[in-house]
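What follows is a set of notes on a single structure, which appears directly below.
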Amino acid sequence: MTRTVYVNGNYLPETEAKISIFDRGFLMADGVYEVTSVLDGKLIDFDAHAKRLRRSLDELDMASPVTMDELLAIHRELVLQNKVEEGLVYLQITRGAPADRDFAFPDPETVPSSLVLFTQNKPGLADSPVARVGIKVISIEDIRWGRRDIKTIQLLYPSMGKMIAKKAGADDAWMIQDGHVTEGTSNNAYIVKGRKIITRPRSNDILHGITRAAVLRFAKEAQMEIEERRFTIDEAKEADEAFITSASTFVMPVVEIDGVALGDGTPGKVAPRLREIYLEESREAAIWQSERGQAALATLPLPARKYKSTAPDTAARQTILPKSGKLSSLSRIVRISQNRLYSNVMAARNIAMWLAQFRTVDIAASGYWRNRFLIAVWTQAKLGTNTISAAIDPLIRLFITPVNSESSDLGHQISIRWKERLTTFAAQISMVVIRNA
Ligand SMILES: Cc1ncc(COP(=O)(O)O)c(C=O)c1O
């Protein structure tokens with residue numbers, strides 16, 4: 001299948017996508033990028049990536065051709081069109097393509113920035129066999145420029161580092177500055193001593209990893225001890241454990257440094273546990289992609305007894321569909337699949353949770369099956385559109401409240417889309433009975 005990619009306002013087959021040879025990304029690596037992971041078809045930590053992108057652009061005095069909100073919409077559209085369940089979305093903004101090569105920056109008024117996005121399908125990203133055995137790293141001198149906190153597309157030295165590691169029979173390289181580890185070629189580096197996690201503090205020396213921020217937050221919540229300080233490569237070789245983090249590897253154990261095995265040469269306890277926590281928490285938070293949305297979600301009452309949440313695929317099918325594959329006369333399933341607006345299991349879940357509160361509803365369930373999001377409502381009463389609207393109205397109100405901060409702004413926009421979705425949903429909820437989804 002050819003991928004659909006995004007280039008400067010257009011969704012195109014990858015074979016038809018073109019960028020000028022005068023693009024400053026091509027000629028001068030004058031550009032920034034982001035990589036956002038996708039799990040269960042959902043973007044992980046989009047808000048944080050958008051915020052870092054904004055910072056990278058500001059640091060380089062580069063304009064964004066679209067708003068962060070539009071970027072989110074493009075991400076979602078590409079994930080949807082390319083049917084990405086597990087994988088990555090790569091985004092790149094460069095200082096555009098002036099008429100000729102010149103060191104001076106072009107006028108942003110006449111030369112718009114270029115924007116390119118594409119997806120990378122990576123089935124098995126979360127359940128990686130490599131994570132079970134861990135990776136080997138070697139150390140190399142860090143000779144990159146002094147603003148590693150800006151996520152630029154100048155990746156020649158990190159690429160060379162990867163190749164040096166490969167030649168040495170390792171998987172990656174940790175870079176060293178004044179004897180201290182800065183980070184991996186495309187990831188942040190950590191060591192573990194006892195139960196203490198040690199990692200270099202944020203500065204211009206390292207990229208401020210989005211996964212790093214999330215992992216440290218989750219580690220704190222799990223009462224793990226964290227020390228943000230520099231550590232030497234010798235100290236690392238004597239550590240009990242080590243690991244890296246990035247959007248494409250999540251938390252990955254490191255079992256060997258410069259040929260020296262850590263512990264017994266297998267992943268210890270801390271890194272695998274952190275990986276587990278990270279994946280679990282990120283998956284749970286993925287839909288909202290904003291702190292405000294997340295907070296709002298937390299305030300939803302959970303009618304636990306009547307509501308069933310289902311895991312993807314077979315589990316969902318079994319829970320939602322009776323074994324016979326036929327529904328009893330009392331069962332009703334609203335199928336919201338094949339409708340892009342609803343392609344979100346959390347939307348289904350929230351609506352089902354609200355429906356479950358109704359006296360007339362026996363059980364409401366939501367699930368995900370073969371790229372379809374389902375809501376099932378088992379009811380003995382005839383449930384009219386008004387009743388459903390009444391159930392959904394409070395949900396709409398919950399998500400439409402004034403907001404002010406930048407990240408909340410995204411939440412607000414998401415909320416508005418929610419309102420549209422739910423209103424349409426309320427109007428459509430004529431209880432479609434399905435035999436076999
Ligand atoms: C040099 C470097 N450090 C750290 C990271 C990890 O950042 P994130 O967790 O945002 O993917 C990356 C990711 O590409 C990187 O290139």
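General remarks:
- Residues in region 69-86 that are buried (at least 20 other Cβ atoms within 10 Å of the Cβ) and in contact (Cβ under 8 Å) with a residue 60 or more places away in the chain: L72, L78, N82.
- Matching residues in region 46-65 - criterion: being within 14 Å of the ligand (Cβ to nearest atom) and farther than 18 Å from D149 by Cβ: F46, D47
- Every residue from region 1-37 that is over 22 Å from the mean Cα position of the chain (by Cα) and within 16 Å of the ligand (Cβ to nearest atom): A29
- Residue among W145, W174 that is within 16 Å of the ligand (Cβ to nearest atom), over 30 Å from T2 (Cα atoms) and exposed (fewer than 13 other Cβ atoms within 10 Å of the Cβ): W145
- Test: I257 is more than 9 Å from the ligand (Cβ to nearest atom) and either touching a helix residue (DSSP H, G or I) at 6+ places or on another chain (Cβ under 7 Å) or at pLDDT below 95 (or both): yes
- Within region 181-232, being within 10 Å of the ligand (Cβ to nearest atom), under 19 Å from the mean Cα position of the chain (by Cα) and either outside any strand (DSSP E or B) or not assigned by TED's automatic domain parsing to the domain that holds S139 (or both) holds for S186, L207, H208, G209, I210, T211, R212, A213, A214, V215.
The values are calculated or read from the model by the stated rules, or taken from the named source; none is laboratory data. It should be emphasised that the depicted structure is a prediction, and the values quoted were computed from it without experimental measurement. Positions of Cβ are backbone-derived with ideal geometry, glycine not excepted, and every protein chain shown enters the neighbour counts.
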